[in-house]
Amino acid sequence: MIRSIIIDDEQHCVKSLVKDLEQHCPSIEIIEKCNTAKEGIMAIKKLQPDLLFLDVEMPWMNGFELLEILGDINFSIIFTTAHD
């Protein structure tokens, strides 16, 4: 199983992604869903995922700023965004 975390401030986007992953990617386990970058940082440090689904535009801190704070990245990242 690929242990993954979803970080996105828009709940409908999280629900849609979860549904798609469950339906089409059974090898991906969602171990946490976070609605803020701050929650995401704590979850990443605690749970050490293999894969991160990361929204780019979020309040307080965007996805790229979150990655800068983390420093060393030892997981794969898929950016999820509705913005250009």
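Things to note:
- Length-normalised contact order of the range 11-84 in % [C-alpha pairs under 8 Å, at least 6 apart]: 27 percent
- Residue among 34, 13, 25 with the largest mean-square fluctuation in a Gaussian network model of the chain, springs linking Cα atoms under 10 Å: 25
- Selection from 59, 7, 43, by position along the positive dipole direction of the chain (Cβ): 43
- Tensor-based shape of the chain (alpha-carbon gyration tensor, a/c under 1.5 rounded, otherwise prolate or oblate): oblate
- Max mean-square fluctuation residue, GNM over the chain, Cα-Cα springs under 10 Å, options 28, 41, 69: 69
- Heavy atoms of the protein chains alone define the surface here; on that basis the range 1-53 has 59 Å² accessible area per residue at 1.4 Å probe size.
- Helix-only arithmetic for the chain: the sum of -39500 (n - 2.57) across DSSP H runs with n ≥ 4, divided by the residue total, places the mean residue ellipticity at 222 nm at -12000 deg cm²/dmol.
- Carbon and sulfur %, accessible surface of the range 4-84 computed with the full protein complex present, 1.4 Å: 51 percent
The values are calculated or read from the model by the stated rules, or taken from the named source; none is laboratory data. Keep in mind the model is a prediction, meaning the values are calculated, not measured. Neighbour counts run over all protein chains shown; Cβ positions are idealised from the backbone, glycine included. Surface accessibility is based on the protein's heavy atoms, side chains included, excluding ligands, DNA and RNA. Shrake-Rupley method; radii C 1.70, N 1.55, O 1.52, S 1.80 Å.
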